[in-house]
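Structure, as structure tokens:
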Amino acid sequence: MPILSIVLALCWEEIIHNNSVLKAIFFILLFFSVYNNFLGSYWSRWEFNAVPDNINQHPERLWDVKDSELVRDNAKLFRYLRARVSDGRWR
């Protein structure tokens, strides 16, 4: 990870700063990265490792894009937000 930061710092002025498409891609990826870290920090629990079966005995689950940890955490977040809105607690 630190090497990517160094490369970004070296390339920003000459390549990314002057190119609006690359700059847009950079900020979209930055948002996606921060959002995924937020999900992992606040919504990720141990359930993914054990439900529906132990990840250590079934590592193929790691490649299941439709049932990944990010998909599950997104579902938890949106269920929580939907419940808050329907209960009238969203203000």
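Each value in this text was obtained by applying a stated rule to the coordinates, not by laboratory testing. Keep in mind that this is a model prediction, so the values were computed, not measured. So basically every Cβ, Gly included, is an ideal-geometry build from the backbone, and we count neighbours across all protein chains shown.
The figures follow:
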{"item": "Radius 14 Å from Cβ of Phe38, net charge of other residues (Lys, Arg +1; Asp, Glu -1)", "result": "-1"}
{"item": "Cα centre as origin, Lys/Arg/Asp/Glu Cβ charges: the chain dipole, Debye", "result": "600"}
{"item": "Chain lengthening between Trp63 and Asn36 when straightened (0.36 nm per residue, less Cα-Cα)", "result": "8.0 nm"}
{"item": "Loop sites in the chain: chymotrypsin sites (Phe, Trp or Tyr not before Pro), DSSP, at most 11 other Cβ within 10 Å", "result": "Trp46, Trp90"}
{"item": "Computed magnitude of the charge dipole of the range 43-91 (debye, nearest 20; Cβ of K, R +1, Cβ of D, E -1)", "result": "500"}
{"item": "Span-rule helices in the chain, defined as complete DSSP H runs reaching 24 Å or more along the axis (Cα) with Kyte mean at least 1.0", "result": "20-42"}
